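> Sharing a structure with you now.
The values are calculated or read from the model by the stated rules, or taken from the named source; none is laboratory data. Everything numeric here is computed off the predicted structure, so don't read it as measured data. Note that we place each Cβ from the backbone using ideal geometry, even for glycine, and neighbour counts take in every protein chain shown. To get the accessible areas, we keep the full protein, side chains included, count just its heavy atoms, and leave off ligands, DNA and RNA. Shrake-Rupley method; radii C 1.70, N 1.55, O 1.52, S 1.80 Å.
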Amino acid sequence: DIAFPRERVLLEYQSSFHEGDARFRADMTRVSRLEADGWRVMFINADDLRDPDELLARIRRFLALPRLNPA
């Protein structure tokens, strides 16, 4: 996982580790807390890594989005 603190953006890699009801619920709670603190979260999985150029372009677009609630 990667953080861009200045932009308050997190890139979250979702692997098979995150499968299962308990792990999924814990992840949802963690992300909800981060978003409540003003962070934006972008989820990435193994399929995204198949086209790194597209993924990098998408990350750049995500980073360029204006923040709705600047802290």
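> Need pairs with beta-carbon distance below 9 Å; first residue touching a residue at least 12 places away in the same chain (Cβ under 8 Å) and assigned to a helix (DSSP H, G or I) and within the stretch 24-53, second hydrophobic (A, V, I, L, M, F, W, C) and open to solvent by less than 90 Å² (accessible area, probe 1.4 Å); sequence gap 6+ or separate chains.
From the stretch 24-53, the pairs are VAL31/LEU10; VAL31/TRP39; VAL31/VAL41; LEU34/LEU10; LEU34/VAL41.
> Under the condition of being open to solvent by 50 Å² or more (accessible area, probe 1.4 Å) and over 14 Å from VAL31 (Cα atoms), which residue from the stretch 3-14 is nearest to the chain's Cα centre (by Cα)?
At the first step, the residues of the stretch 3-14 found to be open to solvent by 50 Å² or more (accessible area, probe 1.4 Å) are 3-6, 8, 13-14.
Still in the list and also over 14 Å from VAL31 (Cα atoms): 4-6.
Details: PHE4: 10, PRO5: 13, ARG6: 15 Å.
My answer is PHE4.
> Among what's in the stretch 54-70 and is in a loop (DSSP other than H, G, I, E, B) and of a type in the set (A, V, I, L, M, F, W, C), pick the residue that is farthest from the chain's Cα centre (by Cα).
Step by step, filter the stretch 54-70, then rank; the result is LEU68.
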